Every structure is written in C-alpha cells, then in structure tokens.
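One structure is given below, encoded as structure tokens.
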C-alpha cells in the first residue's frame, strides 16, 4: 500500500458553492474495518444539495466534508477481526452504520438510530475518493456477474425496496409513482418486481418519462400546470381505477396533495421525496378515506435482497447510468447532475479501471 500513500484524491465540499478536489492521506482500517479502493460512486441529489446550499434541513456543513454515498469498490486491506472479506473482494457499501446497539438496532430498524454514521451527511465523510475505510459488516461481497456500477446503484435501489415494502406492494397492486428521477425509477423497477399489475408515473420531463417506460412503467403522464385534483383524475383515467398505492418521490407540495387525492380509499401513500418541513395537505381527505400516510428514512436490511435480485438477473438497473466521468472531472460531473441531464451520473475512482 505504500505506493498508494498520498494518492488519495477526494471530492470535498467546504461550504455552499465551494467544491474541491483534494489529496488526503490513505486511511488505515481499524478493527472490524476494511480499506477499499473505490471504483464507482454515483452522484445523488443530496450531494448536489450540500454543494449548492451547504445544508439539508438540520444537517449543516460546518467542516470540509467528503461527498458520495452510492458506492462500490475493492477490498485492499482488512482490519483485525474481519473474517468474511479479504483483499481482492469486490463489495457494495451500505453507507449507514449504527454506532451503538440501541433499541432501533435491536428491533431491526437500525436506519432510525439517532447516532448512526452515514456517508456524506455532516459531519460524516462520504466515499467519493480513491481510498476509503468502512465497517466490514456494512460491505457486501458482489457476485462475479454483478458490476461495480450495479453495486453502487444498490444504494438508490434500496430506497425503492424499502419504500415498496413500507407501501405493501404485492401481487396485482395498482401503483402511482410521482416523479421520474432516479428514486422514482427504482420504485417503478421494484414495484414491478414485487408483483404490481400496473404502474403509472408522472413527471414534468418527457425524457424522464421515456426512461420510466424503458424500466417498466405501464403508463406515463406528463404534468404541466394541472391542479392536484386534475392530476389525480388523470391517474385514475389511465389506470381505470384509483391506485392502491402511491409512492411520492418529489417532496413538492402539489405532488403530495395529488398523491392524497389519487390514492384509493383504504390505500397507502408513502412519502419518499423530501421538501420543505411544513407542507399544506388535505389531511382530512386522507383521514376520512382511511388513506394511510407513511414515511421512509433511507432503508434497512436491503443490500442482501438487492444483490440477490441483481445476481439472478430478476431486475435490470443498468439503464439508470447515463453519464460517466473520471474522478478528476468530478466538478464537471456535478455540474451535469445539477443541470438535470440524464439520470444517474457515475464517477470512476480507479484510474486503472474505468469499466462499468
């Protein structure tokens, strides 16, 4: 490893509008940790938001922070106590690692642990860099037929798995997915995989709706300036009935309103997209129709499921990657994401291997 020392380039946000490529020392893995040579890291909307605004809600960038949390790489060194991984293993990284065994961990909902470490959420550094160390228990070995990029995409895919589970998608479900960005798209993929009979997607962008069709959406609706009630009736029109389940992936107030109006009485609305803290919604409409409103916070226990689905080729998430940049061109990659081009922008961190 000595040869690599000092060659650890990282993408670091210092404050709103200030994104830099920096050289950092190669970390040393502690007990139960592994050192990884990063390969593929996707750019998430949250990464762009920290760069543009320096904060998301209560999470504020106070010190320089390495971005990136959708990642896969190769083990190059293992700390003491690590038995399930060895140098050379290709792994996908789950970015949220509980720091203590609290009541949430005991009940299997470790994502809700208040002290959880999470890549690229202040003050925790992410993994958009050449070398990164992580808890070995949250690194999952990739089968030979699953690419690094698929491994990196397990992070957004996990949001879809967790949301569709919370929504109760099952055989024959009629599902309305609001928003056709990366998270909307993974929800389409997962809902279809879980047995949804029909999935309708709404978005402002025709190109994003075309991508939704590619990954399995049955119907798409391009919204322009309709009222929430009008959107709801369009959804009912194409499905032939009101959806049992709505997965709201935008966080936009009007879209949440449309989600409530659209969902069948007795159905479920899952809020995935995050917008402002205070939102005006027709809550009484939901209440008297027994529409259950559920939230999600990231995901838990999803990596083994996702790897099994990818290895068995039951789902295909490769079409989500539309742009690739070497790590050295990270600033250009972030600008591309900010402009809303394509779907998923992937950064290639290993100069010796730029393959998917």
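The numbers here are math on the coordinates, done by the rules we state, and not lab data. Here the structure is a predicted model, which means the values were calculated and not measured. All Cβ positions, even for glycine, are placed from backbone atoms using ideal geometry, and neighbour counts span all protein chains on display.
Some observations on this one:
- The long axis of helix 228-239 is offset from the longest Cα principal axis of the chain by roughly 90 degrees.
- Three-way shape label, the stretch 249-326, alpha-carbon gyration tensor, a/c 1.5: prolate
- Between helix 253-262 and the chain there is an angle of about 50 degrees, using the helix long axis and the longest principal axis of the Cα atoms.
- Taking each residue as 0.36 nm, the span from residue 205 to residue 23 lengthens on full extension beyond its C-alpha to C-alpha distance by 61.7 nm.
- Within the listed set 242, 38, 346, the residue fluctuating most in the Gaussian network model of the chain (springs between alpha-carbon atoms under 10 angstrom) is 242.
- In this calculation the C-beta distance from residue 331 to residue 84 is compared with R0 = 30 Å, giving a FRET efficiency of 0.25.
- With coordinates expressed along the principal axes, the C-alpha atoms belonging to the stretch 160-295 extend over 36, 31, 29 Å, beginning with the largest.
- Taking the stretch 160-295 and dividing mean pair separation by its residue count, relative contact order in percent (alpha carbons under 8 Å, at least six apart): 23 percent
- Based on C-alpha pairs under 8 angstrom that are at least 6 apart in sequence, the chain has a relative contact order of 17 percent.
- Equivalent ellipsoid dimensions for the chain as semi-axes, Å, which come from the Cα gyration tensor, largest first: 35, 21, 20
- Length added when fully stretched, residue 16-residue 213, from 0.36 nm per residue minus Cα-Cα: 67.4 nm
- Rounded to 10°, Cα long-axis angle of helix 182-193 versus longest principal axis of the chain: 70 degrees
- Taking 0.36 nm per residue of separation and subtracting the Cα-Cα distance, full extension of the segment from residue 287 to residue 103 would add 63.2 nm.
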